[in-house]
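Right, one structure below, let's go through it.
Just so it is clear, none of the values below were taken in a lab; they were calculated from the coordinates. Note that the structure is a prediction, hence the values are computed from the model and not measured. Cβ: placed from backbone, ideal geometry, glycine included. Neighbour counts: every protein chain shown.
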Amino acid sequence: MAMNYENIANLVLERLKLPDTEDVSSGHLTMDNWEWPTGVALYGVWKTYKKTGDKNILDYLESWYARRFTMEKPHRNVNTVAPMLALTFMYEETKNEEYLPHILSWAEWVMNEMPRTELGGLQHCTVWNRHYEQLWDDTLFMTVLFLLKAGLVLGNKEWVEEAGYQFLIHIRYLQDKITGLWYHGWTFDRRHNFAEAFWGRGNAWAVMSSVEFVEMVGRDSAVARYVLACLNDQVLALWKLQRENGMFTTLLDVEETYLETSCTAGIACGVLKGIRLGYIDEKYRDMGMKAAAAVIERIAEDGTVQGVSNGTGMGHTLDFYKNISITPTAYGQGIAFLMLTELCEGEEG
């Protein structure tokens, strides 16, 4: 794919405003909070730093965390764990001891205080709602990857094992055994998958999280082998549902729902990375490249990733997903970073 990675990456980075900048076009396109959209963006920025080696990007990240650590501590929930993932990677590289107490505190909260569902799943509690007895596919990316990385970096086997268990229980209740696609959520209280929605971005979280999980732990354990088997079922299903222009829709199997950029970018990123690491068959490369090309076409001249669906709670009807608004978001920018860095890894490989 012909592309100028540096130009596109710089444009996308420009749309993430510095914390003291007030000119933001959307409540979700701001870095001045400690929340999940910011956490996804921070991880994308971290990957961009690792790819480019640009010290200015690392300085930005270090300044961001330093500023936030002087402010009031955030409410702890599944979504506010998300910024800890990038911080744990930063600690691994920089060995900045100021980061360690934060990593320990958040990981111990996840292990010992975060609400659990029946059978010990991580309940998708948020600042607004504890979502009693609910599993959501978002949890894997927002919380479980951090717990896994913290366990690996700090040598805590219990945390690593718990992260593996969370992947297994989420697969058990969220991946449809017939199609291989993922439902958005499951409730133990009512024993159903809500609207039975194959939500696009939720499936992107599952693809990206599965590939990241196996890359971190290695592919030889029983858990990793099972995650990869489920991932390949999902990728086959996604291949069947990609639109002619390379995009995916916000409800994957409902053709009349709108084309959605963040899910397309996440699927492209996960599929192409999985191919590069040998987890996914090479025959799906065209799917990943077509999706990536479609996303790049939707990056505006000022770097805004267009066509991103707004934050999406649990829907009880399919119409709920059809009516989610479209707006620029920090997580849309962040997933685009992850996709762009993976494109460059693939080109060099």
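Under a cut-off of 17 Å between alpha-carbon atoms, report the aspartates and glutamates in cross-link reach of Lys290, not counting same-chain residues fewer than 8 places apart. Counting by Cα, and skipping residues close in sequence, Lys290 has these aspartates and glutamates nearby: Glu244, Glu260, Asp281, Glu282, Glu342, Glu345, Glu347.
Between Lys50 and Thr317, the modelled label-to-label distance comes to 4.3 nm, taking each label 7 Å out from Cα in the direction of the beta carbon. As a length-normalised measure over Cα pairs under 8 Å and 6 or more apart, the relative contact order of region 85-156 settles at 30 percent.
Given the options Ala206, Ala293, Ala268, which has the most mean-square fluctuation in a GNM of the chain, springs set between C-alpha atoms less than 10 angstrom apart? The residue with the greatest mean-square fluctuation here is Ala293. Beta-bridge orientation, the chain: approximately 100 percent antiparallel, per DSSP, counting only bridges with both partners inside. Ignoring lysines fewer than eight residues from Lys50 along the same chain, the ones with Cα atoms less than 18 angstrom from its Cα are Lys95, Lys149, Lys273. Per-residue ellipticity at 222 nm, computed for the chain from helices alone with -39500 (n - 2.57) per DSSP H run of at least four residues, works out to -17000 deg cm²/dmol. Rg/Rh for the chain stands at 0.93; both radii use Cα atoms, and Rh follows the Kirkwood definition. Coupling constants for region 289-302 follow from the phi torsions by the Karplus curve (6.51 cos²θ - 1.76 cosθ + 1.60, θ = phi - 60°), and in residue order they are 6, 5, 5, 4, 4, 5, 5, 4, 5, 9, 8, 5, 4, 8 Hz; glycine and proline get x. Working ranking of peptides 275-283, 235-243, 217-225, 257-265 by packing, defined as the average number of other Cβ atoms within 10 Å per residue, highest first, is 257-265, 235-243, 275-283, 217-225. Among Lys290, Lys73, a tally of other beta-carbon atoms within 10 Å of each Cβ gives an order, fewest to most, of Lys73, Lys290. Please work out the Cα center distance from region 266-318 to region 188-243, rounded to the nearest Å. Between the Cα centres of region 266-318 and region 188-243 lies a distance of 14 Å.
Just checking the listed ones, Met71, Met31, Met339: in the Gaussian network model of the chain with Cα springs under 10 Å, the one fluctuating most is Met71.
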